[in-house]
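The structure appears right after this line, and notes come after that.
Since every read-out is calculated from the coordinates, none of them should be taken as a lab result. Remember, it's a predicted structure, so these values are computed and weren't measured experimentally. Glycine also receives a Cβ, built like all others from the backbone with ideal geometry; neighbour counts cover every protein chain displayed.
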Amino acid sequence: MTTLSGHSFGIDIGGSGIKGAEVDLATGEFVGERLKIATPQPSTPHEVAKVVAQIVQEKQWDGPVGITLPSVVRNQEVETAANISKDWIGVNATELFADYLDADFAVLNDADAAGLAEVAYGEDIAKQGSVIFLTLGTGIGSAFFLDGQLFPNTELGHLTVGDDEAEKIASSAVKDREELKYKQWTKRLNKVLAEYEKLFNPQAFLIGGGISRKFEKWGPHLDIETPVMPAQLRNRAGIVGAAMAAVDGLKP
Ligand code: BGC
């Protein structure tokens, strides 16, 4: 893995907010404050791209920009859209953002970006062997790593487990919506992780998203063979991973 240095800029596009910050790639820390602007509703490509440009301009950033979407992004074409306007499906990200940004940019899936950041700046165990990174939020995002190398665009949140999609069973949004206690929700997460374990047999699961901060409340209730670890970067991960992709020229 290459050691990154210098500064870059990452923007994380989500269903409710679009967040951007300059990132020091030597440390994986933000330089200055993160800027968050509410996602326009409806969150159509041009409206969202305008906000991306606004964030770059307000932060007076002049350089490469990495952008995440809650979408499969293959060959820089947006193929799915979860929690953002369906108008994104079929959009060529290179053409869209070229109208709004003067610098080089790279567009990638939000969970892939967050996973890349965890591998680079989190615990060493994330860099070794086969690791599945999951981000639990509105949905479930996933990123597969082998010795720190990303296999992009896995969509484990949409795997059917029992009668439903994994993210409809055990995202943290479901926990909030159904007012589940940690123990009840962990039972559901366990069912989902057990299915992933059965199919992919990774050496470790790494769990990110806001709920990873409360790992001590739910981690002990898990009951699977594979080690499960909380991610380290918290809500910084998406932006940092986007910033990394921008300088790496990573364009899945
Ligand atoms: C989307 C993924 C995304 C995840 C987290 C899922 O619903 O399909 O592309 O990574 O949510 O935002």
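Spin-label model, residue 130/residue 187: points 7 Å from Cα along the beta carbon direction are separated by 3.0 nm. In this calculation the C-beta distance from residue 151 to residue 26 is compared with R0 = 30 Å, giving a FRET efficiency of 0.70.
With the simple spin-label model, which puts each label point 7 Å out from Cα in the Cβ direction, the residue 37 to residue 50 separation comes to 0.9 nm. Considering only 37, 249, 5, and ranking their Cα positions along the charge dipole of the chain that arises from unit charges at the beta-carbon of Lys, Arg, Asp and Glu, the one farthest toward the positive end is 37. Helix 45-58 and the longest principal axis of the Cα set of the chain meet at an angle near 70°. GNM on the chain, alpha-carbon springs under 10 angstrom: the most fluctuating residue among 210, 15, 162 is 162.
Note on residue 19: lysines with a C-alpha under 19 Å away, same-chain residues under 8 apart excluded, are 36, 50, 59.
Cα centroid separation, the range 89-125 to the range 26-60: 13 Å. Straight Cα distances below 23 angstrom link residue 198 to the lysines 127, 168, 183, 187, with same-chain residues fewer than 8 positions distant left out. Among the GluC sites (Glu not before Pro) in the range 114-214, those located in a DSSP loop and surrounded by at most 14 other Cβ atoms within 10 Å of their own Cβ are 178, 179. For the range 1-102, the set of chymotrypsin sites (Phe, Trp or Tyr not before Pro) satisfying both a DSSP loop assignment and a count of at most 14 other C-beta atoms within 10 Å is empty.
Phi angles across the range 33-40 convert, under the Karplus curve 6.51 cos²θ - 1.76 cosθ + 1.60 with θ = phi - 60°, into 3J(HN,Hα) values of 7, 7, 10, 10, 10, 4, 5, x Hz, Gly and Pro given as x. Computed from Cα atoms, the angle from the helix 237-248 axis to the main principal axis of the chain rounds to 50 degrees.
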